[in-house]
1. Looking at region B:101-120, can you tell me whether even one residue there is within 11 Å of another protein chain (Cβ to nearest Cβ), free of Cβ contacts under 8 Å to residues at least 12 places away in the same chain and hydroxyl-bearing (Ser, Thr, Tyr)?
2. Output the residue which, of all residues in region A:251-269 that are in contact with a Gly (Cβ under 6 Å, 6 or more places away or on another chain) and not β-branched (Val, Ile, Thr), is least open to solvent (accessible area, probe 1.4 Å).
3. Filter the helices (runs of 4 or more DSSP H) completely within region A:84-188 down to those with at least 3 residues that are touching a Phe, Trp or Tyr at 6+ places or on another chain (Cβ under 8 Å), under 30 Å from A:PHE9 (Cα atoms) and of a type in the set (A, V, I, L, M, F, W, C).
4. Could you run through region B:159-218 and say how many residues are assigned to a loop (DSSP other than H, G, I, E, B), touching a helix residue (DSSP H, G or I) at 6+ places or on another chain (Cβ under 7 Å) and within 14 Å of chain A (Cβ to nearest Cβ)?
5. Please enumerate the residues belonging to region A:33-53 that are within 15 Å of the chain's Cα centre (by Cα), away from every other protein chain (no Cβ under 14 Å) and surrounded by 24 or more Cβ atoms within 10 Å (Cβ to Cβ).
6. Give the residues of region A:33-61 that are outside any helix (DSSP H, G or I) and in contact with a Gly (Cβ under 7 Å, 6 or more places away or on another chain), sorted by residue number.
7. Here are the criteria: (1) more than 19 Å from A:VAL156 (Cβ to Cβ); (2) of a type outside the set (Val, Ile, Thr); (3) within 8 Å of chain A (Cβ to nearest Cβ). Tell me which single one B:LEU59 does not satisfy.
8. Hey, any hits in region B:241-264 for a residue that's open to solvent by less than 80 Å² (accessible area, probe 1.4 Å), within 25 Å of B:VAL176 (Cβ to Cβ) and modelled with pLDDT of 50 or more?
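The values are calculated or read from the model by the stated rules, or taken from the named source; none is laboratory data. Quick caveat: nothing in here was measured; it's all calculated off a predicted structure. A quick note on method: Cβ atoms are made from the backbone with ideal geometry, for glycine too, and the neighbour counts reach across all protein chains shown. All accessible areas refer to the heavy atoms of the entire protein, side chains included, with ligands and DNA or RNA removed. Shrake-Rupley method; radii C 1.70, N 1.55, O 1.52, S 1.80 Å.
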Amino acid sequence: MSELLALDFMQRALLAALLTGLAAPAVGIYLVQRRLALMGDGIGHVAVTGVALGWLTGNSPTGTAVIVAIVGAATIEFVRERGHAGGDVALALLFYGGIAGGVLLMGLAGQNAAKLQQSLFGSLLTMSPADLRYAAVLSVVTLLLALCLGPQLYAVALDAEFASVAGLNVRAYNLLVAVLAAVTVTFAMHTVGLLLVSALMVVPVATAQQVTRSFRMTMVAATGLGASAAVGGLMLSAWLSWEFDLQAPPGPTIVLLALAGFVVMWPVGGWLRLRTRRLAPFPAVPGPPEHVPTGMGHAHQHGPDCGHLAVPHEDHVDYVHDGHRHAPHGEHYDEH
Amino acid sequence: MLTGTETGPVVEIRDGSVSIDGRPILRQIDLSVNAGQFLALLGANGSGKSTLVRACTGLRPLSSGTALLFGTALSNFRDWARIGFVPQRTSAAGGVPASVQEVVGSGRLSRRRLLRPASRSDRTAVREAIAAVGLSGREGDGIATLSGGEQQRVLIARALAGEPELLFLDEPMAGVDLAAQQSLAGVLGELKLKGTTVVLVAHELGALAPLVDRAVIMRDGRVIHDGDLPSDHELHDSLRESHHHLERPHDDHVPHVGSPLELRRSVRGDHE
């Protein structure tokens, strides 16, 4: 195993996985907060067109992917804000347009299916030093922005109307989240691939929030879980191919490891919530008053022939009076 | 605290109209609120009272007319730290857990500068806002674990954390029981003593009625009453969907799909 870690490409892959695992949930948490968990997936589909465009025009696929992904993310954000024709329908249109356009352009560029599969499901082990530099710079910038602008991004994601009245430029911050998501998609392309990148943005957040109560703790736990899943998944896949000669692609291994974390954490969260509820004291609620005398001035004396319906009740007789029952109690009547 | 130019009204709408997709929601509203007033904006559902508050806060741009906050046109207004806003919500929870402290803390952003950590005065303001709504000791609780009334109080604390001079509340009493209403009345009463201007949108005033200096009642996007709070009976009357002396609906407003010919005959009959 240590020989494996000494390999150049393996070290590059580990660093890329670590940075992706840290940055993807840090952006994804704002998408989950706004209930846009699938937005990363939509951007990933659109980015396929970007990659294909790069191959077709002879440019760097990563460069064109980042541009097309940002345009796609901004379009999704614009359509969502306008709210025309339903945000989810607009997202679906972009999904299909992106993936169909990508596959078509890739065919026109004369690329084979193996190359397409690399960008769809990741190719950590074929990363060049240039790819790594690019991914490292982008993920560090993304992580810094997501953390330093945290209070603002959090307020906008929590309640856009309130944030607007607090003087925050809601549109700019929403656009920033969309652009950060687009950038994350492209640098995570090598790690888990365009089709699985959304998992790394969403699953660690979903796992963390099973046991956390605050946004800050969710952020810390999600980035930790994301980094562990990315590094752990990569090591697992490398170990499987090293020791047993099994071809476990790193991208899916990382995502499945993250999902396994969720499956483990889910019952733990349920048990913790149940325990909190059981330990919480019941609120002090005054019991119903036992003795409610009728209002003053009840001069009327109920009797067998007073005209009020008499209802036998346990050891006494109630009289139905204006829609409620009067029970004799000493000198006066009680409301029943 | 107030400079010479700010002796005028705190909120002012001049000839303000709002239409959404061509449908008029507010029609030529003139309203000005002076500093320190406690104004209740009343009206039936769809009367435009929430839209009026949204127009005042810039969430819904006016289609004609002008809106001013502290004497500055809304488009040039930048001093948002002076404004507090409690939006109409049933829940304060989002897709990710958040603690009471965090939600209330986001109300302090209007006074915090970008990329600076929260200062001591920020933390004090948040703590005091949480205490003002009676949730001290619950700072670390997840917002989703609170009851509806408690979540509403968190949203009010969030607005208080910014220490606003002008506070808009959109239906803060919706789904809040009597005890919580009374505690809210206590909070707003203290703000009133401090000289905060309050604009409250409400369907029913309940425990807040004694605080109200001025009642503005709206119907169909117009102000139909502006002055003292009417008695319960009058209020109920004026909130009614239709007017009793309008026995016959206006011909120009109501399409008579079923009997267009009869309508034309009756109109012709009037002229002949």
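1. Within region B:101-120 (the criterion being within 11 Å of another protein chain (Cβ to nearest Cβ), free of Cβ contacts under 8 Å to residues at least 12 places away in the same chain and hydroxyl-bearing (Ser, Thr, Tyr)), the answer is no, since none of the residues qualifies.
2. A:GLY251
3. A:129-148
4. 6
5. Residue satisfying the conditions is A:GLY42 alone.
6. A:ARG34, A:ARG35, A:SER60
7. Going through (1) more than 19 Å from A:VAL156 (Cβ to Cβ); (2) of a type outside the set (Val, Ile, Thr); (3) within 8 Å of chain A (Cβ to nearest Cβ) one by one, B:LEU59 breaks only (1).
8. Checked region B:241-264: no residue is open to solvent by less than 80 Å² (accessible area, probe 1.4 Å), within 25 Å of B:VAL176 (Cβ to Cβ) and modelled with pLDDT of 50 or more.
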